[in-house]
């Protein structure tokens, strides 16, 4: 049952995150560096405040695992800068697809290197459907997007960096939880420290924040809803399921992003794109069932 709630929490986080790319396009005068640093920075600091009592109680345990905290904090500070820049340079769909679509593979590699990842046949099949879905989404957008966005290659490279840092902070936070640190404290310290690192970027890149009400509204939405509430859900999910499973489930995010981009900002989605979405949903079902089956085996009734 706990794993079931963990899966649901990660799905909810993915839905919230899927709105960020389209929301960011509604404030085009804001730099992607500012949007990323403000959303993750403010959201991260709010998480640390929310978890302050837990952090104080567990400060000695956290101090014993500062290596994981340092790795996670640096990854948190780099992720939003790469992610939002990728979407600005290559489009919402492609930027989100590359960033989130590469994370499960990179997460599995990181976990495998630390001997935390155990491959199951169902997970492999599900991940394969997800990767194929991501590829179909990418190629469905590639020809149209390359004419609209002149820095597609750079955007894709930044997406790969975002995918790696996303996988890395998920892994480091999960490692802290496995060491006995609560999900609130692990996420609060990781994102709080990452938020502190983002403050200089926020200040330098935020000169146009108060130019319009839409800029303020979008910035606050990004910080409070997808980043604060979304990462609270994600942190809870990470305490119940592995980082590789969580990052695979978040393949739902580019699906949401693609649909919203098509409906709201008129990004084109071809038949291949829709087929990719179907494959990603198949991936979500298989990975979710794999997670629940693993729980039933380890906790027979």
Taking the convex hull of Cα positions in the range 19-125, its mean projected area over all directions (nm²): 9.0
Förster-model FRET efficiency, 25 Å R0, residue 278 and residue 8, C-beta, rounded to 0.05: 0.70
FRET efficiency, residue 216 to residue 52 (Cβ-Cβ, R0 30 Å, nearest 0.05): 0.70
At R0 = 51 Å, FRET efficiency that the Cβ-Cβ distance of residue 60 and residue 270 yields, to 0.05: 0.40
94, 42 arranged by Cβ crowding within 10 Å, fewest neighbours leading: 42, 94
Sorted by Cβ neighbour density within 10 Å, fewest at the top, the residues 139, 34: 139, 34
Estimated 222 nm signal from helices in the chain, with DSSP H stretches of n ≥ 4 weighted -39500 (n - 2.57), rounded to 500: -26500 deg cm²/dmol
Footprinting exposure proxy for 4, 77, 90, 31 (fewest neighbouring C-beta atoms within 10 Å first): 4, 31, 77, 90
Taking the convex hull of Cα positions in the range 2-298, its mean projected area over all directions (nm²): 14.2
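Just so you know, all these numbers are worked out from the coordinates, no wet-lab data involved. Keep in mind the model is a prediction, meaning the values are calculated, not measured. Cβ coordinates were reconstructed from backbone atoms using ideal geometry, including for glycine residues, and neighbour counts include every protein chain displayed.
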